[in-house]
Amino acid sequence: MTARGVRTGPGAWQGDDLDVEEALALVKEAPGPPEEDPGAAEPEPAPPDQRHRTSHQHGAATQHDPATRGDSATRRGPAGRRGPAGPPGPAGPQESSHRAVSWPRARAIAEETGRSAARAAHRAPLSVPLDAALGLTLAAPLDALSDLPSFDTSAMDGWAVSGPGPWKAGRDGVLAGHAAHRPLADGEAVGIATGARIPDGTTGVLRGEHGRTDDRGRLHALHAVVPGQDIRPRGQECRSGDRLLMAGTLVTPAVLGLAAAAGYDTLTAVARPRVEVLVLGDELLTQGPPRDGLIRDALGPMLPSWLRSMGAEVTAVRRLGDDAGALHRAVTGSDADVVVTTGGTAAGPVDHVHPTLGRIGAELLVDGVEVRPGHPMLLARLRERQHLVGLPGNPLAAVSGLLTLAEPLLRSLAARPAPEPYPLRLRDAVQGHPYDTRLVPVVLRDEGAVPLHYNGPAMLRGIAVADALAVVPPGGTRRGQETELLDLPWAAAGIGVCFT
């Protein structure tokens, strides 16, 4: 019997020509799960010992192949102490009995790990100038320092009038930011600008387009003026001492504006978690086009901005190549709250992350996640308040690792509020992995979320134009079926907010 979600027959994928990960990622070629047929037999699942194995047939690529580095389906042996990911078992260098955790469970572990580390750190909040506070989290409530507005102001350009009309219009005017005008007597009017202080004795503001003056200088209303018209009264928005924002609020441009309007020069905020990025791989170039079996490093330029969007302060990006000694020295010498590595999380001859973690006695909290792409990702505790996130080396697989492990970890460390999950209908059917969650780039249109092509683990062409990632459950989704979406930072908050 064929495992659910696998195509057979004349239109089946050509396994000789396509890597398994690439084949599973081809939305265009796979129609998603079929509609249920009450008379059809339930397909048999593959035996448990056949799940998540690397195929060694058809000349499978080695770990030196840039297209598969760090995203092999091989299950590794345990490194260091075993955490919530599951107990260790006997393992050889190419296959292990350790069990990857589900995608929701991996995110929950990362989030709780961040909360525990934040509690253990007891870091004092920072006093940050407004121009440096964007993207931080309030560590204390924001209370109003004065009434807003702090005096009665005009909501419109026009005339401040007193009593019933017509009015004798004075030649002077009241401008915003100027000294208070003398009180108005009954029957008087004075020109006034938006935001200017309302003179005592004012009945209301007659908008400029609703009045006219005659040749004797008298002002006539084209519409009746009611008391308080177009006046913003003192304290309309808040009174001094009112609670404006709670601790835990993300500082957005609007929050900065409110804080400034309320009289604040600084904000009390949670310090950003410090992150050091270690880029692994001898095959990576930092300049020019790919050549001679070498490829450009896409993660070094991409990760810092993405990590900053998650609330982190990126202290360094270091390129170490495939050097076990350099990796050991970098990990043990780092004072960052979180170390992020790229590549080297599988079990190939130059995949040094697991051996390094074992050598230093790190505790593996997550060692493999049931998600495609990116399943060889890991999360380890180096010390009580220091953690390592191991990302696969393929670019889209690394993005999957960022959103699965790094985002909930850093969000908790930065005390940021968790985003509300939301479902949306998929315009097209999406092929699912038989047993794992898939993260598929989509764009948002009137007809729903549209899955994008070019979404294999080594590809960035799809994610570069995406608005979100669709969380496709095992077995796939049908056309029009709702599924959870993960907003991408530039779509959720804007470039200036998320990458500052």
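Computed from the coordinates by the stated procedures, all read-outs in this text should not be read as laboratory data. All figures in this text were calculated on a predicted structure; none of them were measured in a lab. Positions of Cβ are backbone-derived with ideal geometry, glycine not excepted, and every protein chain shown enters the neighbour counts.
Data table
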read-out: Average Cα contact separation per residue, the stretch 247-305, under 8 Å, 6 or more apart, as relative contact order %; value: 21
read-out: Ranked list, fewest to most other Cβ atoms within 10 Å of each Cβ, for ASP131, ASP467, ASP351; value: ASP131, ASP467, ASP351
read-out: Cα-based shape type of the stretch 297-402, given that a ≥ b ≥ c are square roots of the gyration tensor eigenvalues and the cut on a/c is 1.5; value: rounded
read-out: Viscosity 1.002 mPa s, 20 °C: Kirkwood-radius Stokes-Einstein D of the stretch 153-232 over Cα pairs, µm²/s; value: 179
read-out: At R0 = 41 Å, FRET efficiency that the Cβ-Cβ distance of GLU209 and LEU145 yields, to 0.05; value: 0.70
read-out: Length gained when the stretch LEU285-ARG182 is fully extended (0.36 nm per residue, less Cα-Cα span); value: 29.8 nm
read-out: Fewest-first sequence of HIS328, HIS122 by Cβ atoms within 10 Å of each Cβ; value: HIS122, HIS328
read-out: Alpha-carbon centroids, the stretch 318-345 and the stretch 222-276: separation in whole Å; value: 43
read-out: DSSP-defined beta bridges in the stretch 153-232 - what % are antiparallel, rounded to 5; value: 80
read-out: Burial order of peptide ranges 385-395, 434-444, 138-148 (average beta-carbon count within 10 Å, highest first); value: 385-395, 434-444, 138-148
read-out: Hz values of 3J(HN,Hα) by residue in the stretch 424-437 - Karplus curve (6.51, -1.76, 1.60), Gly and Pro given as x; value: 8, 6, 8, 5, 10, 5, 10, 5, x, 6, x, 10, 10, 5
read-out: Estimated distance in nm for a label pair at LYS168 and ALA132, the labels positioned 7 Å out from Cα along Cα-to-Cβ; value: 5.8
